[in-house]
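Just below is one structure, and these are the notes that go with it.
The values are calculated or read from the model by the stated rules, or taken from the named source; none is laboratory data. The structure displayed is predicted, hence computed values, not measured ones. As a convention, Cβ positions derive from the backbone with ideal geometry for all residues, glycine included, and neighbour counts pool all protein chains shown.
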């Protein structure tokens, strides 16, 4: 069974994606940056439309049965669970600015600065001989 039996023409989808991308770029130039809700709202709508076209045609979801579509349905709630479980860590990221080798001391709850030894030697004043 060829792609045209389903009414699928990749060239039409390509042109639609090309036009949406051109409209997206024009939207970014036309809308002033200080009107962020209109700028980002329009860009997100066009990005969603392009993603939907790719999802439906190039991932062949338009031609799949209901069972495959039902298996994809839990994806959005699972993404929301992951997002909201990571938000507390992301929100407090400015307080976690430590070197990779530093570790949390389980006794007193302080950060044990393990990785600063080599850094201090590299930035030592030139007159003390590195000691």
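Residue by residue through region 14-36, note down the ones that are modelled with pLDDT under 90 and in a helix (DSSP H, G or I).
36
List the pairs whose first member sits in region 16-32 and is at negative phi and without any contact (Cβ under 8 Å) to a residue 12 or more places away in the chain, whose second member is assigned to a helix (DSSP H, G or I) and surrounded by 14 or more Cβ atoms within 10 Å (Cβ to Cβ), and whose Cβ atoms are under 7 Å apart, counting only residues at least 6 apart or on separate chains?
Filtered contacts from region 16-32: 31/39; 31/42.
Mind checking which pairs have a first residue in region 51-77 that is within 23 Å of residue 17 (Cβ to Cβ) and a second that is at pLDDT below 85 and assigned to a loop (DSSP other than H, G, I, E, B), Cβ under 8 Å, 6 or more apart or different chains?
From region 51-77, the pairs are 57/8; 62/8; 63/8.
Answer yes or no: is there a residue in region 33-40 that is touching a helix residue (DSSP H, G or I) at 6+ places or on another chain (Cβ under 8 Å) and farther than 24 Å from residue 16 by Cα.
yes
Among the candidates 1, 79, single out the residue that is at pLDDT 80 or above and either out of contact with any strand residue (DSSP E or B) (no Cβ under 7 Å at 6 or more places or on another chain) or not in a helix (DSSP H, G or I) (or both).
Residue meeting the stated conditions: 79.
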